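The numbers here are math on the coordinates, done by the rules we state, and not lab data. As the structure is a computational prediction, the values presented were derived from the model and not from experiment. Positions of Cβ are generated from backbone atoms using ideal geometry, with glycine treated the same way; all protein chains shown enter the neighbour counts.
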Amino acid sequence: MPQLRRLLDEMADFLDSDDGHIVLRECINQGFDILVNTKLAHTVFVESEPDKKARLANIMAVITRQAHLIAHGIPNDYLDAMERVPQLQGFSAIIYSSFARENLTIRPEDVSSS
């Protein structure tokens, strides 16, 4: 269990870093892009009707439906898009390679005294 705790602590440190904020921003941008350019564009902002105004109630209804799908949808278009964010892939590799490197050395706190 100490290894899991260490991995979680290290991941939290990385997420709190400037690089972590950049990766989080890119993931949020990707999710927002899916919402606006795919979900809202095809349901509320129909291109064949450029002069028609979108009503806020229609937009909110789509966002409400999508909020449920973001959390529970299978397949999840939002998570699929976020998985493809290059910064996230690189960031994940840094976290896990750093954790693997740390586990190659034995620390005194890892050795239980019997």
Full extension between THR64 and LEU8 adds, at 0.36 nm per residue less the Cα distance, a length in nm of 17.0 nm
Between ARG55 and ASP77, Cβ-based FRET efficiency (R0 25 Å, step 0.05) works out to 0.55
1/(1 + (r/R0)^6) with r = Cβ-Cβ of ALA41 and ARG84, R0 = 25 Å, i.e. FRET efficiency to nearest 0.05, evaluates to 0.80
Rounded to one decimal in nm, the spacing of the 7 Å Cα→Cβ label points at ILE94 and ASP19 is 0.2
